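The values are calculated or read from the model by the stated rules, or taken from the named source; none is laboratory data. Predicted model, so just to flag it, every value in this text is computed and none were measured. Note: accessible area is taken over every heavy atom of the protein model, side chains too, but ligands, DNA and RNA are not part of it. Shrake-Rupley method; radii C 1.70, N 1.55, O 1.52, S 1.80 Å.
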Amino acid sequence: MIMANSWWEIKVLCDPMLEDDVFWRVETFGCRGTASQIKNNSCLISAYLPEEKAHLLDLAALSLLLRQDALCLEVPIPAVAWDLIDEQDWSHSWKKYWEPTPIGDRFLVYPAWLTLPEHCDRLLLRLDPGIAFGTGTHATTQLCLESLEMRLGGEPTQAVIADIGCGSGILSIGAILLGASKVYAVDTDSLATRATKENSELNQISPEQIIIQDGSVEQVIEVADQPVDGIVCNILAEVIIDLIPQFDAIAKKNTWAVLSGILMDQAKPIADTLEQHGWVVATLWRRQEWCCFNIRRA
């Protein structure tokens, strides 16, 4: 995998009440491989960004936004620091925090560099996200995998899924492990599609089962021979609002979708946009300050 030579390591020491806001801010900023620890009633969040993606002024602006968030929530001002580290240090820094993560009733997301367990009664989803977003530790990813459990049930089906913004490929692989017959996985970041390909191979999933393309909905339209049965989309709320009108081109009358990456205070504009384009919210699941829409055609 082609990787940056140097990385910004951003560390935020904050009140636990601010944790979700910090995650959202650094994700919006473009950080990858985010990790958090609770230390002495404080939360230490580490986030990583390729050096060329941000200048010192950008980092100072991020620090100011975090300060404003804390003032709005009436919690102590966070301590924010950043430093440049090389690629090897970056890889070691965030991976040392990541351990096997059980998700829902079925999954165990398992770091690729660990020895496989001798016995496991869960679906083992092996992952090396590289610099792509999606390790399974974030609430939005967990909500999406749990929603896929509900939709797919774990038995082989003919279901065809579109994964818009596939990141590390975790949702595409999860869908196949739960019995989907095919996934169209797309992302506008070529590093993400490369990570999806490598993780698919790691889980011994054939290229015919997960079809990976650089791009977005338009690439699914181009390569899919018919509308899909399900759509999963775990990205930023602002992007989802722009994508919702495009879903018509890949959906049929009984298509369902799972949308996450959405803070609770962003839920109303998402719901309004869905209603305007013929979608019904079946359930809205919440975890911490994040939510996940399970929707179907009206």
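Let me check something: with ligands and nucleic acids excluded, how do S190, S46 order by accessible area (1.4 Å probe), largest to smallest? Spell out each step's value before the answer.
Working: S190 65, S46 0 Å².
Sorted descending by solvent-accessible area, the residues read S190, S46.
Roughly how many Å² is the accessible area per residue of the chain, as a whole number, for a 1.4 Å probe? Don't skip to the answer; put the middle values down first.
Numbers: 13700 Å² over 298 residues.
Per residue, the chain has 46 Å² of solvent-accessible surface.
Just to verify a number: what accessible area does M264 come out at with the full protein assembly present, 1.4 Å probe, Å² rounded to tens?
Surface accessible to solvent at M264 totals approximately 60 Å².
Relative contact order of the chain, please, whole-number percent, based on alpha carbon pairs below 8 angstrom and at least 6 residues apart. Write down the numbers at each step before the final one.
Values: 603 pairs, mean separation 40.8, N = 298.
It rounds to 14 percent for the chain.
Under the rule a/c < 1.5 gives rounded, and otherwise a/b versus b/c splits prolate from oblate, where does region 241-294 land using the Cα gyration tensor? Each step should come with its number before you reach the end.
Numbers: a/c = 2.17, a/b = 1.69, b/c = 1.28.
Prolate is the answer for region 241-294, as a/c is 1.5 or above and a/b outweighs b/c.
How much accessible surface area, in Å² rounded to 10, belongs to the heavy atoms of S63 with a 1.4 Å probe?
Its heavy atoms expose roughly 30 Å² to the probe.
Which one of V258, V12, V75 has the biggest mean-square fluctuation once the chain is modelled by GNM with Cα springs under 10 Å?
Its mean-square fluctuation being the largest, the pick is V75.
Can you run phi through the Karplus equation (6.51, -1.76, 1.60; θ = phi - 60°) for region 226-241 and list ³J(HN,Hα) in whole Hz, with x for Gly and Pro?
After applying 6.51 cos²θ - 1.76 cosθ + 1.60, I find 7, x, 8, 8, x, 10, 10, 8, 10, 9, 6, 4, 4, 6, 4, 4 Hz.
With percent of Cα pairs over 35 Å apart as the read-out, I listed (1) 27; (2) 17; (3) 36; which label goes with the value calculated from this structure?
Matching the structure shown: (2).
Looking at region 101-297, what % of its DSSP beta bridges pair antiparallel, to the nearest 5? Walk me through the numbers on the way to the answer.
On the way: 17 of 41 bridges.
Beta bridges within region 101-297, antiparallel portion: roughly 40 percent.
Shape verdict for region 111-170, please, from the Cα gyration tensor: rounded (a/c under 1.5), prolate (a/b greater than b/c) or oblate. Provide the component values of the computation, followed by the final result.
Values: a/c = 1.84, a/b = 1.15, b/c = 1.61.
Oblate, since a/c reaches 1.5 and b/c is not below a/b.
For region 131-247, which whole-number percentage of the solvent-accessible area (1.4 Å probe, protein heavy atoms only) is attributable to carbon and sulfur atoms?
Here carbon and sulfur together make up 49 percent of the probe-accessible area.
Looking at the square roots a ≥ b ≥ c of the eigenvalues of the Cα gyration tensor of region 6-94, which shape do they give, rounded for a/c under 1.5, prolate if a/b is larger than b/c, or oblate? Present the calculation step by step, with values, prior to reporting the outcome.
On the way: a/c = 2.24, a/b = 1.43, b/c = 1.57.
Oblate, because a/c is 1.5 or more while a/b does not exceed b/c.
Report, in deg cm²/dmol and to the nearest 500, the calculated mean residue ellipticity at 222 nm for the chain, where each DSSP H run with n ≥ 4 adds -39500 (n - 2.57) and the sum is divided by the residue count. Mind dumping the intermediate values first?
Working: 9 runs with 97 residues, N = 298.
Helices in the chain give a 222 nm mean residue ellipticity of -10000 deg cm²/dmol.
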